[in-house]
1. Is there any pair linking a residue in region 167-183 that is free of Cβ contacts under 8 Å to residues at least 60 places away in the same chain to one that is in a helix (DSSP H, G or I) and among the hydroxyl-bearing types (Ser, Thr, Tyr), with Cβ under 9 Å and at least six apart or on different chains, and which?
2. Which members of region 103-147 meet the condition of being within 24 Å of the chain's Cα centre (by Cα), within 25 Å of residue 167 (Cα to Cα) and surrounded by fewer than 18 Cβ atoms within 10 Å (Cβ to Cβ)?
3. Just the residues that are within 13 Å of the chain's Cα centre (by Cα), crowded, with 21+ Cβ neighbours inside 10 Å and part of a loop (DSSP other than H, G, I, E, B), please, taken from region 193-214.
4. What's the number of the condition residue 89 fails, among (1) closer than 25 Å to residue 211 by Cβ; (2) modelled with pLDDT of 95 or more?
5. Scan region 26-54 for residues that are among the polar types (S, T, N, Q), within 26 Å of the chain's Cα centre (by Cα) and at pLDDT 75 or above and report the count.
6. Based on what the data block shows, is residue 190 in a strand (DSSP E or B), modelled with pLDDT of 95 or more, assigned by TED's automatic domain parsing to the domain that holds residue 260 and surrounded by fewer than 23 Cβ atoms within 10 Å (Cβ to Cβ)?
7. Quick one: which residue in 152, 112, 101 is among the acidic types (Asp, Glu), modelled with pLDDT of 90 or more and closer than 30 Å to residue 228 by Cα?
8. Is it the case that residue 57 is of a type in the set (Asp, Glu) and either touching a Cys at 6+ places or on another chain (Cβ under 8 Å) or at pLDDT 85 or above (or both)?
Amino acid sequence: MKFQRLTPALALVGLVLAGCEQQQAGVELSTSVQKASYGIGLNMGKSMLQDGIEDLDPHAVAAGIQDALNKKKQQVSDEELMQAFTLLQAKAEERMAEQSEANLKAGQKYLEDNAKRPGVKTTASGLQYEVIKAAAEGEQPSLDDIVTVHYEGRLIDGTLFDSSIERGSPIDLPVGGVIPGWIEGLQLMHVGEKYKLYIPSKLAYGEQSPSPVIPANSVLVFELELLSIKDLKAALATDAEAPTEEVESEAKEAEAAEAPKAEAAPKTKELAPAQPKVE
């Protein structure tokens, strides 16, 4: 978390907090402008919570906003503000580090216990999985394929953070464009199968928090159903019915699908080729 990012963010949080006081007094949220303004404040408030910023005095924040809007002389010097921001940032980072360490230990304990359950298999990388629905036959995807899947993602405490089932529609995604735990898990599966993946944080997002609902160092639990496979290379080479631009557009849409993406995940060299190698 950078100071440059913290300063304007705190100002926007001030608008949120001041807005909360006004809402209690009966502020309306009926027009598009009002709703958009509320949405900006809501998103910034969530961002601050994700950054571990909780030690704010809403009355002092509101006073700062009012002084700025009314072009009044600031009541605290720049030097004092810098010192205060530095202290606030240090407290936030300390709180986040403590929570991250707690998540790591809780995840390790969860995986240790989970590995002992009947039906749960552990691969060389540390990925755990169990077969919920097996298929007698079926293709297995490769790294270059695009797959159609249904999935549901939870934290180890059962908190649901994402679900294509809840949205009512499966998604297309590139096997090589998701988090390492998914890359390996997908290549173990056959079309028509449903797996439950227990993904260590090192094969998910590691020390990063990709969203407020997924804390740093979180073990992720997914129910994943492989519905079909699309060979993108073959489509580009042999599909004479669709223009190349159309096929490329399909690939771009798949990459933008709402799924655990590799861009937010830490790079890892520990991921072995996805073979059903079980310890």
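1. 170/164
2. Listed by number, the list holds a single entry, 130.
3. Of everything in region 193-214, those that are within 13 Å of the chain's Cα centre (by Cα), crowded, with 21+ Cβ neighbours inside 10 Å and part of a loop (DSSP other than H, G, I, E, B) turn out to be 204, 205, 206, 209.
4. In the conditions (1) closer than 25 Å to residue 211 by Cβ; (2) modelled with pLDDT of 95 or more, residue 89 misses (2) alone.
5. Result for region 26-54: 1.
6. Working: in a strand (DSSP E or B): no; modelled with pLDDT of 95 or more: yes; assigned by TED's automatic domain parsing to the domain that holds residue 260: yes; surrounded by fewer than 23 Cβ atoms within 10 Å (Cβ to Cβ): yes.
So residue 190 does not fit the description; no.
7. On the way: 112 fails: closer than 30 Å to residue 228 by Cα; 101 fails: closer than 30 Å to residue 228 by Cα.
Only one candidate passes the filter, namely 152.
8. no
The values are calculated or read from the model by the stated rules, or taken from the named source; none is laboratory data. Since this is a predicted model, take the numbers as computed values, not measurements. Positions of Cβ are generated from backbone atoms using ideal geometry, with glycine treated the same way; all protein chains shown enter the neighbour counts.
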